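The values are calculated or read from the model by the stated rules, or taken from the named source; none is laboratory data. The structure displayed is predicted, hence computed values, not measured ones. Methodologically, a virtual Cβ is constructed for each residue, glycine included, from the backbone with ideal geometry; neighbour enumeration extends over all protein chains shown. Remember, those area values only see protein heavy atoms, side chains included, never the ligands or the DNA or RNA. Shrake-Rupley method; radii C 1.70, N 1.55, O 1.52, S 1.80 Å.
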Amino acid sequence: MSLDVSPKLLAEAEHGDIREEDFVATVRTSLPYAYDLIASLAAELRDGTAEFTDNQTPPPSEKERGQLLRALASDAIRGSLERHFGVALAFQNCHRVAAFRPEGRDGSTYARFTSVRSQVLNQSPEFRDC
């Protein structure tokens, strides 16, 4: 299980929609490494002028790598984090996540980052088992 959902949030979900803020809070406490990494990328992007910011540092352990993979593999989690931080996320391998400005999704830099060519060029033997 990737999220530690409180009984209260589960009961709310069983009876209808939940507030996205409550879902994001659950993500924050359940996947702190992923949440903090995306928060730092979003802040760096917001404070700078670059088209995107990205992480190229491997997580400290498989636990943190798993958090990042779970966050980015779930459409609901990824979408909520994008809306919460006001970014568009892109992901290339076990840890290279990038934050773009949402309007950047239509740009050439985003297209290059998410291209199959960039995916191939961003591979190395240490990523094969992640």
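Points worth noting:
- Looking across 41, 3, 37, one residue alone is at pLDDT below 95 and hydrophobic (A, V, I, L, M, F, W, C). It is 3.
- Across region 1-16, the qualifying residues are those that are in a helix (DSSP H, G or I) and touching a helix residue (DSSP H, G or I) at 6+ places or on another chain (Cβ under 8 Å), and the one among them that is least open to solvent (accessible area, probe 1.4 Å) is 9.
Rundown of residues vs (1) farther than 23 Å from residue 92 by Cβ; (2) outside any helix (DSSP H, G or I); (3) open to solvent by 30 Å² or more (accessible area, probe 1.4 Å), yes/no style:
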| residue | (1), (2), (3) |
| --- | --- |
| 18 | yes, yes, yes |
| 22 | yes, no, yes |
| 26 | yes, no, no |
| 36 | no, no, yes |
| 42 | no, no, no |
| 46 | no, no, yes |
| 50 | no, yes, yes |
| 53 | no, yes, no |
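- Residues of region 76-125 classified as of a type in the set (S, T, N, Q), assigned to a loop (DSSP other than H, G, I, E, B) and either open to solvent by less than 10 Å² (accessible area, probe 1.4 Å) or within 21 Å of residue 66 (Cβ to Cβ) (or both), total: 5
- Any chance residue 65 is open to solvent by 10 Å² or more (accessible area, probe 1.4 Å) and at pLDDT 95 or above: no
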